[in-house]
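Here is the structure we will look at.
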Protein chains: 2
Amino acid sequence: MNLSTEALLNLLKDKNIRPSYTRIKIMEYLAARRTHPTADEIYSNLLHEIPTLSKTTVYNSLNTFVKAGLVRTVTIEDNEARFDADTSDHGHFKCDMCGNIYDFPVDMAGLHTKGLSRFIVKQRDIYFKGTCPGCLENNIN
Amino acid sequence: MNLSTEALLNLLKDKNIRPSYTRIKIMEYLAARRTHPTADEIYSNLLHEIPTLSKTTVYNSLNTFVKAGLVRTVTIEDNEARFDADTSDHGHFKCDMCGNIYDFPVDMAGLHTKGLSRFIVKQRDIYFKGTCPGCLENNIN
DNA sequence: GAAGGGGTTTGTATTAATTACAACTTTATT
DNA sequence: AATAAAGTTGTAATTAATACAAACCCCTTC
């Protein structure tokens, strides 16, 4: 990830999404960090840069990106959606102590399932939960 | 699944959950079908059997079950939580046409991940999305 | 069997994420 | 510059979920 603004511009153009100032800022924000922010986090953090920003715009833009396949929704938690600009195959781990969400590599080809031969699978999400190394250390005290 | 009422009673007792009439009805409802209902569906369907039932009670009971590990929350969709009384390892497939959620077997042991050696993993959720065989057939017309 | 107490249920009010929608603004096209 | 199309904004509405206090039920103890 961590695309240049120009690469991002082409990414949007390829999907027929007009690369407005706001959309580019939101995509840049998402692509620049791997924190899987909520819509509200994106809104709050961009507000000082785009003082006229509205939360509806954040939702509109995110939904546009998700429909175009540029962004993926992470529903690891039941109370709020998170967003990820990395659409390549990988899993998400949520630490139940600090709440951080970590990416981890997954061998999707080696993931053996049964009974899905007649299903068309378009999306695969792998969500793990537990405790992260940092919180495990802090907890020893 | 599909436990007898008595087996259910012992299941609750083992977890120190008092087996009230309402709780048993909710657990029976969950255990009897594999439709992964929402809290609202459970509420609506039990209302004719328990006319005094309150939606808060459904949420309270479900949260109690989830904390005790008897029920698992399915967050395959971002707008509502679903519930599953089958806590054994398996994946969930949601059809984007009919909305049904299907269980499928997954070989968790063969699921190869990287970078998690120092993490403690307590829960694994596998969510697939796409189109189910029934909807694929109907769509040919 | 009455009194008391802990846990359970209920209803209402509240919170918070998300969407609906109409007005307004910006951008593209002629 | 005029006009149309698309994007943005703010407010209101929707809806899942929780907070909380009152009412209720069941079990124990006197």
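The values are calculated or read from the model by the stated rules, or taken from the named source; none is laboratory data. Everything numeric here is computed off the predicted structure, so don't read it as measured data. With ideal geometry, Cβ positions are generated from the backbone for all residues, glycine too; neighbour counts draw on all protein chains shown. Side chains are part of the model used for accessible areas, which takes the heavy atoms of the whole protein and leaves out ligands, DNA and RNA. Shrake-Rupley method; radii C 1.70, N 1.55, O 1.52, S 1.80 Å.
Among the numbered conditions (1) more than 7 Å from chain B (Cβ to nearest Cβ); (2) surrounded by 13 or more Cβ atoms within 10 Å (Cβ to Cβ); (3) closer than 21 Å to A:Val74 by Cα, the only one that A:Phe93 does not meet is (1). The residues of region A:29-86 that are away from chain B (no Cβ under 14 Å), open to solvent by 40 Å² or more (accessible area, probe 1.4 Å), within 12 Å of DNA strand D (Cβ to nearest atom) and not basic (Lys, Arg), listed by number, are A:Tyr43, A:Leu47, A:Glu49, A:Pro51, A:Thr52, A:Ser54, A:Thr56, A:Thr57, A:Asn60, A:Thr64.
Consider B:Asp78 carefully, then state whether it is among the acidic types (Asp, Glu), more than 11 Å from the chain's Cα centre (by Cα) and more than 19 Å from A:Gly115 (Cβ to Cβ). Considered against the rule, which asks whether it is among the acidic types (Asp, Glu), more than 11 Å from the chain's Cα centre (by Cα) and more than 19 Å from A:Gly115 (Cβ to Cβ), B:Asp78 comes out as yes. For region B:96-113, the candidate set comprises residues that are in contact (Cβ under 8 Å) with a residue 12 or more places away in the chain and more than 7 Å from chain A (Cβ to nearest Cβ); within that set, the residue that is surrounded by the most Cβ atoms within 10 Å (Cβ to Cβ) is B:Ile101.
In region B:26-46, the residues that are closer than 16 Å to B:Thr75 by Cβ and in the same structural domain as B:Ile76 (by TED's automatic domain parsing) form Cβ pairs under 7 Å with partners that are of a type in the set (Asp, Glu) and not in a helix (DSSP H, G or I), at six or more places apart or across chains, as follows: B:His36/B:Asp84; B:Thr38/B:Glu80. Of everything listed in (1) more than 10 Å from DNA strand D (Cβ to nearest atom); (2) farther than 19 Å from A:Asn79 by Cβ; (3) free of Cβ contacts under 8 Å to residues at least 12 places away in the same chain, the single unmet condition for B:Thr5 is (3). So which residues in region B:114-128 are open to solvent by 50 Å² or more (accessible area, probe 1.4 Å) and within 7 Å of chain A (Cβ to nearest Cβ), if there are any at all? Listed by number, the residues that qualify are B:Lys114, B:Gly115, B:Arg118, B:Ile120, B:Lys122, B:Gln123, B:Arg124.
Annotation for region A:11-25: no member residue is within 13 Å of DNA strand D (Cβ to nearest atom), surrounded by 14 or more Cβ atoms within 10 Å (Cβ to Cβ) and within 14 Å of chain B (Cβ to nearest Cβ).
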